[in-house]
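Derivation of every value follows stated rules applied to the coordinates shown; laboratory data play no part. Since this is a predicted model, take the numbers as computed values, not measurements. Note: ideal-geometry Cβ built from the backbone for every residue, glycine included; neighbour counts use all protein chains shown.
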Amino acid sequence: MTKTETVATYIAGFPPKVQTLLKKVRSAVRKAAPKAEEGISYRIPSNKQSGIVAYFAGLKNHIGFFPPTRDPKLKKLAAKFAGPKGKLKFPFDLPIPYGLIAKLVKAQVKANQSRLAAKRKPKNSLINISIVDYK
């Protein structure tokens, strides 16, 4: 893989069945985060909008999906796909949960925007003003 690789060329490097699944994952991510910037990071497709939204990759027996979500409700929904280090594993022989992917991406976009807004908001600070009367 080269540094100039695009998501389309990444997907094209897989067998037709896997290409179809990767294209659908890509589409689900793009629909859920239409303003996200798509690219290749760590040699796999990534989407960024005020931070990482999602990574996904075609692997030998599954599609790996890394949503850095902290939402407990979504973690519970995704639990049956849980893999190592927070990654989700969508096996090729099971239906891919595109709706879950969309929910994860939307939640991550919202979390990224909240984090960014919190960084921009000035912290409450006390202003110490001393008035000295000079005669």
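Is region 12-86 best put as rounded, prolate or oblate by its Cα gyration tensor, with a ≥ b ≥ c the root eigenvalues, rounded for a/c under 1.5, and otherwise prolate when a/b is larger than b/c, oblate when not? Since a/c reaches 1.5 but b/c is at least a/b, the shape of region 12-86 is classed as oblate. For the residue pairs K35/K119; K24/K76; K24/K85; K17/K73, the C-alpha atoms sit more than 26 angstrom apart in K17/K73.
Mean sequence separation of contacting Cα pairs (under 8 Å, at least six apart), scaled by the length of region 7-120, corresponds to a relative contact order of 26 percent.
So, R0 is 22 Å and r is the distance between the beta-carbons of T9 and A117; what FRET efficiency does that work out to, to 0.05? The calculated FRET efficiency here is 0.05.
For the chain, pairs of C-alpha atoms spaced more than 21 angstrom apart make up 47 percent of the total.
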